[in-house]
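Novice: Mind looking over this structure? Questions follow.
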Amino acid sequence: MSAVTEHIGPGPAGIDSAGATDERRESIWGKALYKFSRDRSGMLGLGVVLVYFVIALGVWFGIWGMEWSDVEGPKWGSMSREHWFGSNIIGQDIFQRSIYSTKTAFEIGLVVAVLSTIIGALLGALAGFFSGTWIDSIILWLKGVLDSIPFYLFVAAVAFALQGNPWAMHVAMVSTFWTTTGRLVRGEVIKLRNFEFVEAARAIGVPQLTIIFRHIIPNTFHILLVQATIVFVAAIKSEVILSFLGLGVQDGVSWGLMISESTLEVLAGFFNNFIAASAFLFVLVMAFNMFSDSLQDALDPKKVAES
Amino acid sequence: MDVLQYAIRKLIGGIPLILGVSFVSFLLMVYFGPDQTFELLGKNPTVEEIAEVRRQLGYDRPFLMRYGEYLQEIVTLDFGLSNSTGEPVSAMLARTIPISLALVTPGFILGNLLGVLLALIAAYHRGGWIDKTIMGFSVVGMSVSFLIVIIAFQILLSSSFGLNLFPVRGWNVHSLQDYVMYVTVPTLASVFVALGYNTRFYRAVLVEEMTRDHVRTARAFGIQPGKLLYKHILKNSAIPIITRIMFSIPLVVVSGSLLIESYFGIPGVGKITFDAITTGDQPVLKAVVGLTAVLFVITLLATDILYRAVDPRVSLK
Amino acid sequence: MLPISEKTMPIKLFLSVLAVALLATVGCTDEQQVTVQRATSAGPGLKVFKASLDGAPSTIDPAQSANIYANTVVLNAYDTLYRFKYLARPYVVTTNLAASMPEVSEDGLVYRIRIREGTYFVDDPVFDGGIGREVVAEDFVFSLKRFFDPTQRPRGTWLWQGRIVGLDEWKVAGSDYDQEVEGLRAIDRYTIQITLKNPYPQLIYTLAQGYSAIVPREAVEAYGREFSSRPVGSGPFRVLSYDSSRIVFAKNEKYRQVPVDIFEEGYDRATQGFSGVEAIHGRAPPFIDRLEIHFIQENAARWNSFTKDNEIQYLSVPNEQVDNILLSKQPIRPKPEIAAKYHFYHGTEAGFVFMTFNMSLPDFGYSEDPERERRNKALRCAMIKGFDWQRRNESFYFGLGQIFPGIITPTVPEFDPELSRESVELDIEGARKLLADYGWTAETLPELAYATTAGVSQRMFYEQFRGFMKKIGYPAHKIVLQQYATFGDFSKDISDGVLPFIAKGWGLDYPDAENTLQMFYGPNGSPGANDANYSNAEYDRLYEQAAVMQPSPERTAIYRKMNQMVIDDCIAMSGLSRTRIYLWHKNVIGIPDREIVGGFYMRFVDVDNSAGAN
């Protein structure tokens, strides 16, 4: 139900098209950085995200969160010195599990965001650059096909097809999330294609692929960055529902798994699991959304041109 | 006449899409999907029984043949009988689709209406505290998991631990009053979750329009706010708004209702689809996915035609 | 550019038309299809019993009623020859459609069963003039023959496979219903004769199961596969509507009037008097006008629905609520506020949960190398010692489960309460010692794939199991979770015999230990019920010997010997039977049961609609 990806529209770059690519890039980024650093909510969001990231790194390197699977504690223990958030039904420490889940969340978010952005950028750029040709048609057709299969059905189907492989969820998410990025990139590239610098490059015989990779795609980075953050959030949120349906994380623990565990527990009056996982998830998603918003605002070329 | 030609051309152009979707979904759900054989067998099956059930389920026929049959089924709208219950699939769909529609429509309409309304308010007071508050709530709405909302609402509104105002689950609808009772909690949950996204999107579109030169000019000329909104802003924003609404229709009907239907025990399309996926009941799956694809293409077509009706500048090429 | 109103007008119009159209079609959505008769809504004064089950049947064709949900429904829509006494515990078979207990020949091979006269099928268009005809012996013959006709997709064939003279051959010859089967005949209009190849003491139990329910040939032939959702039976209720969320029955007006004698039914005033069930004595069931069975899988929803006064009136309490409603666990007593509002009853399930090793795989089971086989046995025994049943009981069954050694469950008559509990007691020291003595170290221990269906609870089981094994020195990374998205896929791999370790539950089909012992009988190996692929010649010999014996102390002794073999060979971590707690609203008069008696109890339920009843 949740709109998986968002249709943001930075307005058309109504500035003059005569500028060389590097100068234009620099002015956007420089101005963006400045603007961003003055946006309080964005900085706050970024700060929180970084804190989470450090937590995730810590788990990666085995510094903390390693005892998430030990069944030492009491059943549904309340908060205590040994177990800061209490323990779940089989005595696992909820705090440890929440910390460990941060790593899981980042893994999913990063993998899906990076891969779908790369694929979206590539296919979008190809489609846009060769707009009107068969390459474009095929890519558009592919997008249409993937968009019209309902998301959860698609994920379930992929999970079955891959026979419970732990990467099934990632594959499914990447396959559907790249489409919006692709569409936006394609739109931007179609505009960029007409800029003089592209014609100039062609005129001096630069191969098309080089043009795409060295000149065009870098000019879409602002779109890619924002989309990547949006996909990151979408991936984490989707994981919650997928884990609830049994299609998500297979090994380890995640907030989604903790929440699905807790659906039984809340009836018995034990809320620690539910609250801990929901809180961790909510704060991260919220911070990321704030960060993403500010990023968008900062990178909006129209606004940048005005300031 | 133009429109008709355009429509036909678009429809024909949509055929590769339908083929693509049906092929991909067939591949995934039917060919690689779960093996329903053992669901249908008893406790101590013999080798012959296993082979017999597989034959009945059609697992032993070659891929292309099965795919061909599938395409035929879509065209004739006859998907046979469910493997699990033996009920004709078309009957199942006829029974469940109206329910799903009745379930999601109020939420859909409300979510979008409220979204546009809030977005208008926010955009109009752009930068002010009203705007910031509304946007703040939107972000919160976007950050909460749908699942959490459903569980929380059910406890708060329907159970005896909470307000106990509404039925916990089920769909026992014989009158308008019953309908309101059963649809309220699911609707509230969906609206809660969708509102954040909707508001943000519509606000972005509206702001886009509002900062256009001709609007600024009109404002400078002292035009009344209502008229401004009406004549200049809403009209131009209509295209992206309509596009978004239209595109979310296929998604909302099938995916969105899935969680709600299972949790609230409402016998709709989403639920039978998910049951079909987990058990591998192919006839039902084939029907749902095929129809969704067709629905999607039709939506695309309808949107295009609407574009044309709305803005004659949009070419029919 | 069209003005806004004209543009959005069509959309608004469209939407409002859609909305109205939807409301019109939504209508009475729960009472369509399936039936010919019009449903009447429950007016005042109508007695309605709303029961709940924690799952839904996927089909209600008796030939396919393989799970407890389907079984419950089938028993109310159809007739079986026999049933279980409503109130007798332990469970006792008694007559249903059959007029009396079967006449069995001396050698135990020929059964004669006479059915009651004057039982009619419900009205349905498949009959002449739409009026249901009388049920005759030939109908039973037809119903059983269906299990040997693959086109019917039967799931209960194993109950009678290789048992009845001529039936398997009939299947091979093409399943022609007009052809007579020597061992399964109607020798006159109301008498059935079954001839067995070997004595089969459990036969009478099979005739009390939903599988053996009697269906009319006309309906099966007319409806084909749709018969699984269009029931035409002769049971105490007839189906009004059926979908995935509930089934609604009305009283079958044509049902035979047989007054109930509750003392015959095993009434025990001391334990059952509180329910007021004495009030039904001498009256003819069914007593209610409408029966609704709601299929509510989610515990939360089921509990919420029960605690509201106007929804379901009966449920089997979900585990999470147990601490909220129980005052004490030994003995099991409800809290006063619960006792004030509801009737309360509990019983041990007819079934158990356990885990087995798959002996056909050399990692943990039989091996060609005798040395390895000895070491494997030590490994298995060590793991069994390391499994903490007490903790498992407390975590997941709220301490209410009954832990017992071996594979003979507490609800069967052959259960031995004196049997040594050593095999289910935690012994970490002993486990470690065994591992050390037989050369098992963290490096040499094999990887164990813990297979289960997808689900949160199953995952928790796995994590707890891994935690237990860690304490005896089994490294956590060597115990790997293998989750199956569907039960079908899981069953498939079990049947293929590729899983080394299987956690499962088993529901008894009938109250006879043979039902669980057959799970370790050699010839029943994969793809049969013997997932453990246990192969012990002595065990098999004893099994075959006991299979033809009627219940007796000698047979019980043989059963117990077999039980001991399974324990000694460390084949399984077994077992635990859950205790089920039932609650029902006070205006419902009856003693419900989930298994064995199961769906049969519903015809005896009465509802007191008078104001002060609740």
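The values are calculated or read from the model by the stated rules, or taken from the named source; none is laboratory data. These figures come from a predicted structure and were not determined experimentally. Every residue, glycine among them, receives a Cβ derived from its backbone with ideal geometry; neighbour counts consider all protein chains shown.
Novice: Only one of (1) hydrophobic (A, V, I, L, M, F, W, C); (2) modelled with pLDDT under 90; (3) part of a loop (DSSP other than H, G, I, E, B) fails for C:Trp440. Which number is that?
Specialist: It is condition (2) that C:Trp440 fails.
Novice: Whether any residue in the range C:390-402 is away from chain A (no Cβ under 14 Å), out of contact with any Phe, Trp or Tyr (no Cβ under 7 Å at 6 or more places or on another chain) and over 27 Å from A:Thr263 (Cα atoms) is what I want to check.
Specialist: No, the range C:390-402 has no match at all.
Novice: While we're here: May I ask you to verify whether A:Trp76 is more than 14 Å from every other protein chain (Cβ to nearest Cβ), among the aromatic types (Phe, Trp, Tyr) and either assigned to a loop (DSSP other than H, G, I, E, B) or surrounded by fewer than 18 Cβ atoms within 10 Å (Cβ to Cβ) (or both)?
Specialist: Answer is no for this residue.
Novice: Could you run through the range C:317-361 and say how many residues are β-branched (Val, Ile, Thr) and either out of contact with any helix residue (DSSP H, G or I) (no Cβ under 7 Å at 6 or more places or on another chain) or part of a strand (DSSP E or B) (or both)?
Specialist: Final tally of qualifying residues: 5.
Novice: So which of B:Leu165, B:Leu147 ends up being surrounded by 16 or more Cβ atoms within 10 Å (Cβ to Cβ), within 11 Å of another protein chain (Cβ to nearest Cβ) and of a type in the set (A, V, I, L, M, F, W, C)?
Specialist: Result of the check over B:Leu165, B:Leu147: B:Leu147.
Novice: It is to be established whether one or more residues within the range C:369-386 are of a type outside the set (A, V, I, L, M, F, W, C), in a loop (DSSP other than H, G, I, E, B) and more than 14 Å from chain A (Cβ to nearest Cβ).
Specialist: Looking through the range C:369-386, at least one residue is of a type outside the set (A, V, I, L, M, F, W, C), in a loop (DSSP other than H, G, I, E, B) and more than 14 Å from chain A (Cβ to nearest Cβ).
Novice: What's the number of the only condition in (1) surrounded by fewer than 17 Cβ atoms within 10 Å (Cβ to Cβ); (2) more than 22 Å from the chain's Cα centre (by Cα); (3) more than 25 Å from B:Leu259 (Cα to Cα); (4) more than 9 Å from chain C (Cβ to nearest Cβ) that B:Val140 fails to meet?
Specialist: (3)
Novice: Scan the helices (runs of 4 or more DSSP H) fully inside the range A:108-213 and keep the ones with 2 or more residues being surrounded by fewer than 24 Cβ atoms within 10 Å (Cβ to Cβ), in contact (Cβ under 8 Å) with a residue 24 or more places away in the chain and small (Gly, Ala, Ser).
Specialist: Those helices (runs of 4 or more DSSP H) span A:168-193.
Novice: Does C:Glu394 qualify as being within 27 Å of A:Ile89 (Cβ to Cβ), under 30 Å from the mean Cα position of the chain (by Cα), modelled with pLDDT of 90 or more and not hydrophobic (A, V, I, L, M, F, W, C)?
Specialist: Judged against the criteria, C:Glu394 is not a match.
Rundown of residues vs (1) assigned to a loop (DSSP other than H, G, I, E, B); (2) surrounded by 20 or more Cβ atoms within 10 Å (Cβ to Cβ), yes/no style:
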{"site": "B:Tyr59", "(1), (2)": "yes, no"}
{"site": "B:Leu64", "(1), (2)": "no, no"}
{"site": "B:Gln72", "(1), (2)": "no, no"}
{"site": "B:Ala94", "(1), (2)": "no, no"}
{"site": "B:Ile99", "(1), (2)": "no, yes"}
{"site": "B:Thr105", "(1), (2)": "no, no"}
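Novice: C:Ala451 versus (1) in a helix (DSSP H, G or I); (2) within 12 Å of another protein chain (Cβ to nearest Cβ): which is the lone unmet condition?
Specialist: (1)
Novice: I've got another one for you. Residues of the range A:256-286 being buried (at least 23 other Cβ atoms within 10 Å of the Cβ) and within 24 Å of the chain's Cα centre (by Cα), which ones?
Specialist: Those that are buried (at least 23 other Cβ atoms within 10 Å of the Cβ) and within 24 Å of the chain's Cα centre (by Cα): A:Gly256, A:Leu257, A:Met258, A:Ile259, A:Ser260, A:Ala276, A:Ala277, A:Leu281, A:Leu284, A:Val285.
Novice: Being of a type outside the set (Lys, Arg) and touching an Asp or Glu at 6+ places or on another chain (Cβ under 6 Å) is the filter; apply it to the range C:217-260 and report the residue that is surrounded by the fewest Cβ atoms within 10 Å (Cβ to Cβ).
Specialist: C:Ser241
Novice: Let me ask something additional. Restricting the search to the range A:245-256, which residues are in contact (Cβ under 8 Å) with a residue 60 or more places away in the chain and either assigned to a loop (DSSP other than H, G, I, E, B) or within 10 Å of chain C (Cβ to nearest Cβ) (or both)?
Specialist: Answer for the range A:245-256, where residues must be in contact (Cβ under 8 Å) with a residue 60 or more places away in the chain and either assigned to a loop (DSSP other than H, G, I, E, B) or within 10 Å of chain C (Cβ to nearest Cβ) (or both): A:Leu245, A:Leu247, A:Gly248, A:Val249, A:Gln250, A:Asp251, A:Gly252, A:Val253, A:Ser254.
Novice: Quick check on this structure: which one of C:Ser328, C:Ser367 is under 23 Å from C:Lys433 (Cβ atoms) and without any contact (Cβ under 8 Å) to a residue 12 or more places away in the chain?
Specialist: C:Ser367
Yes or no, residue by residue, for (1) within 22 Å of C:Val322 (Cα to Cα); (2) not β-branched (Val, Ile, Thr):
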site: C:Tyr345; (1), (2): yes, yes
site: C:Ala350; (1), (2): yes, yes
site: C:Gly365; (1), (2): no, yes
site: C:Cys381; (1), (2): no, yes
site: C:Val412; (1), (2): no, no
site: C:Ser423; (1), (2): no, yes
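Novice: Also: Taking C:Lys308 as meeting all but one of (1) within 14 Å of another protein chain (Cβ to nearest Cβ); (2) basic (Lys, Arg); (3) buried (at least 18 other Cβ atoms within 10 Å of the Cβ), write down the number of the exception.
Specialist: Condition not satisfied by C:Lys308: (3).
Novice: Taking only pairs six or more apart or across chains, which ones have beta-carbon atoms under 7 Å, a first residue in the range C:453-468 that is without any contact (Cβ under 8 Å) to a residue 24 or more places away in the chain, and a second residue that is in a helix (DSSP H, G or I)?
Specialist: Close Cβ pairs satisfying both conditions: C:Val456/A:Ser260; C:Val456/A:Glu261; C:Arg466/C:Ala476.
Novice: While we're looking at this one, here's another question. Please find, among C:Val165, C:Val181, the residue that is within 29 Å of the chain's Cα centre (by Cα), within 22 Å of B:Glu48 (Cβ to Cβ) and of a type in the set (A, V, I, L, M).
Specialist: From the options C:Val165, C:Val181, the qualifying one is C:Val165.
Novice: Suppose we filter C:Ile194, C:Ile247 for residues that are within 18 Å of C:Pro154 (Cβ to Cβ) and either part of a strand (DSSP E or B) or at pLDDT 95 or above (or both); which single one remains?
Specialist: C:Ile194 is the lone residue from the list that is within 18 Å of C:Pro154 (Cβ to Cβ) and either part of a strand (DSSP E or B) or at pLDDT 95 or above (or both).
Novice: Here are some residues: C:Tyr111, C:Tyr177. Which one is in a loop (DSSP other than H, G, I, E, B), more than 14 Å from every other protein chain (Cβ to nearest Cβ), touching a residue at least 40 places away in the same chain (Cβ under 8 Å) and surrounded by fewer than 22 Cβ atoms within 10 Å (Cβ to Cβ)?
Specialist: C:Tyr177
Novice: If you don't mind, another one. In contact with a Leu (Cβ under 6 Å, 6 or more places away or on another chain) and not in a helix (DSSP H, G or I) - does that describe any residue in the range B:129-143?
Specialist: No, the range B:129-143 contains no residue that is in contact with a Leu (Cβ under 6 Å, 6 or more places away or on another chain) and not in a helix (DSSP H, G or I).
Novice: Let me ask something else about it. Take the range C:428-468 and flag every residue that is of a type in the set (Lys, Arg) and within 19 Å of C:Pro500 (Cβ to Cβ).
Specialist: C:Arg459, C:Arg466
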